[in-house]
Each structure stands twice: as structure tokens, then as C-alpha cells.
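Everything below concerns the one structure shown next.
The values are calculated or read from the model by the stated rules, or taken from the named source; none is laboratory data. Quick caveat, the model's predicted, so the values are computed rather than measured. Backbone-built Cβ (ideal geometry, glycine too); neighbour counts: all protein chains shown. The area values use the complete protein model at the heavy-atom level, side chains included, leaving out ligands, DNA and RNA. Shrake-Rupley method; radii C 1.70, N 1.55, O 1.52, S 1.80 Å.
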Amino acid sequence: MTRGIRQYVLIGAGFDSFALRRPAYAADLQIFEIDFPATQSLKLARIAACGLTLPDAVHFLAADLSQETVAAALSRSPFRSQDLTFFSWLGVTMYLTREANLGTLKSIASCAPAASELVFTYFDERLFRAQSESFRDMEKRVAAMGEPFLSGFDPATLPRELGDCGLLLLEDLNGSEVAAKYDRMGENGLGQSAFSHIALARIQSRRVGT
């Protein structure tokens with residue numbers, strides 16, 4: 001926000017509570033939440049049941065991103081493609097195919113100007129080949145709920161792949177590095193997995209027709 005970002009796009013927003021949890025920041029932002037219609041309906045119902053009121057600057061965009069791009073969803077809103085924007089895409093990539101993930105990255109780079117940024121989480125693709133009993137158990141649980149894990153990224157090739165999508169990788173931390181940086185005393189219970197990553201990227205140039 002100190003760099004002039006005034007739009008915040010949450011892709012697969014789920015029950016993210018930023019607009020209510022950080023009102024001092026939300027007051028100066030246009031916030032766009034993209035998710036499935038059913039998820040958004042349930043979220044709005046819970047907010048109403050709690051007696052809370054969302055700021056007028058929060059815009060809910062119902063979309064299935066396996067069928068519609070981020071850019072297309074945003075085009076149905078007051079989103080300003082010429083304004084610096086921060087995107088968050090948390091807890092989603094592992095449920096999408098590799099093609100869908102790359103398509104979403106390209107779409108993000110197509111709908112905001114250079115210097116806009118994106119933070120996203122992903123699984124190291126080696127995790128899918130590892131003989132980890134705990135991961136296999138988790139795979140079975142999420143698959144039973146209808147949302148199986150589908151893909152990951154290779155940290156070694158991620159910079160090149162992001163570059164091909166119009167993005168520059170700024171930072172990539174695995175779970176152990178995140179815990180060491182933000183939770184040294186273990187007070188927040190951040191994970192220690194070396195296979196779970198959070199990455200920060202910056203749009204280098206707008207991609208056209210994505």
C-alpha cells in the first residue's frame with residue numbers, strides 16, 4: 001500500500017476475513033473476492049448471522065476458475081486494470097491441474113500493470129512422488145471430499161515458469177523457512193514442511209489476450 005496499491009484481489013477467497021479483520025487497511029482498498037457461488041453464499045450468510053457488515057468496497061465475484069479466467073471474472077466488476085493491484089492465491093494451486101495453474105498465472109499477468117504483485121502457495125511436486133504416509137493419508141481425505149490434489153511446482157524451475165507467464169519471482173519460502181522467519185518461538189503453530197511453499201512474484205509486463 002505504501003507503493004500505491006489500492007486494489008486487492010483474493011483468488012479462491014474462501015472464508016478469508018481480511019476485510020473485517022484489518023479494517024484500517026481495508027478502508028483504503030477496493031477488495032475483490034473470487035470463489036465458487038456456493039462458498040460465497042455460505043460466507044455471506046455466516047457474516048450476516050454474526051451481525052457484521054462488510055465495507056461497500058468489497059466485491060464478490062462468483063466464478064469457477066476451471067471454466068473462466070481471473071481476467072474475465074474481474075471484467076464483470078469495478079476492477080480497474082490500469083491500477084496497481086495485489087493478488088493473493090492461497091491454498092488453491094494444489095487442487096488444479098498444471099495447465100490450469102499456468103493459465104491462471106498468465107491471466108493474472110494480463111489484467112494488472114507492471115509492479116503489481118502476487119503471493120501464492122504451492123506444493124513441491126516432489127511431494128507427489130515421495131513415499132510419505134502422512135501425505136498419502138491427507139490425499140485420501142481431500143479426495144474423499146471431492147477435491148483431490150492434482151499438481152505442484154518444482155522450486156528449481158519456478159522462476160523460469162513464472163517468467164514465461166510474465167512474472168518475476170521475488171521470494172520463495174518453504175514451510176521450514178516460513179516458520180523460521182515468522183514464528184521462531186512456535187507461538188503460531190506454522191508448519192515445518194519443506195514441501196509446502198509460499199511465493200511472492202511481481203508482474204513484469206502485461207500479457208495481452210490471456
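Note on exposure: Thr121, Thr93, Thr2 ranked by accessible area (1.4 Å probe, complete protein assembly) read Thr2, Thr121, Thr93, with the most exposed listed first. A cut-off of 5 Å between modelled amide H atoms, ignoring neighbours fewer than 5 places along the same chain, links Gln7 with Gln30, Phe86. Working note: Karplus 6.51/-1.76/1.60 with θ = phi - 60° gives region 51-66 the couplings x, 9, 10, 7, x, 5, 7, 8, 10, 9, 10, 6, 7, 9, 6, 7 Hz, where Gly and Pro are set to x. The distance between label points at Tyr182 and Arg76 comes to 3.1 nm (points 7 Å beyond Cα on the Cα→Cβ vector).
Ignoring everything except DSSP H segments at least 4 long, calculate the 222 nm mean residue ellipticity for the chain; use -39,500 (n - 2.57) per segment, divide by total residues, nearest 500. Value at 222 nm, helices only: -8500 deg cm²/dmol.
Per-residue packing, averaged as other Cβ atoms within 10 Å, sorts the ranges 100-110, 20-30 into the order 100-110, 20-30, beginning with the highest.
Annotation: amide H of Ser116 within the under-5 Å range of Thr85, Ile203, sequence separation 5 or more or interchain, hydrogens built in the peptide plane. GNM remark for the chain: springs join alpha carbons under 10 Å apart, and the peak mean-square fluctuation among Phe36, Phe135, Phe15 falls on Phe135. Each Lys and Arg Cβ is given +1 and each Asp and Glu Cβ -1; about its Cα centre, the chain then shows a dipole of about 340 debye.
Starting from the amide H of Leu170, placed 1.01 Å from N in the peptide plane, find each other amide H under 5 Å away whose residue is 5 or more places distant or on another chain. Under 5 Å from the amide H of Leu170: Leu200, Ala201, Arg202.
Residues within the reach of a label modelled at Arg21 (point 7 angstrom out along Cα to beta-carbon, backbone nitrogen below 12 Å), restricted to region 1-15, are 14-15. How charged is the neighbourhood of Phe36? Take every other residue with its Cβ under 13 Å from the Cβ of Phe36, and add Lys/Arg as +1 and Asp/Glu as -1. Net charge around Phe36: -4.
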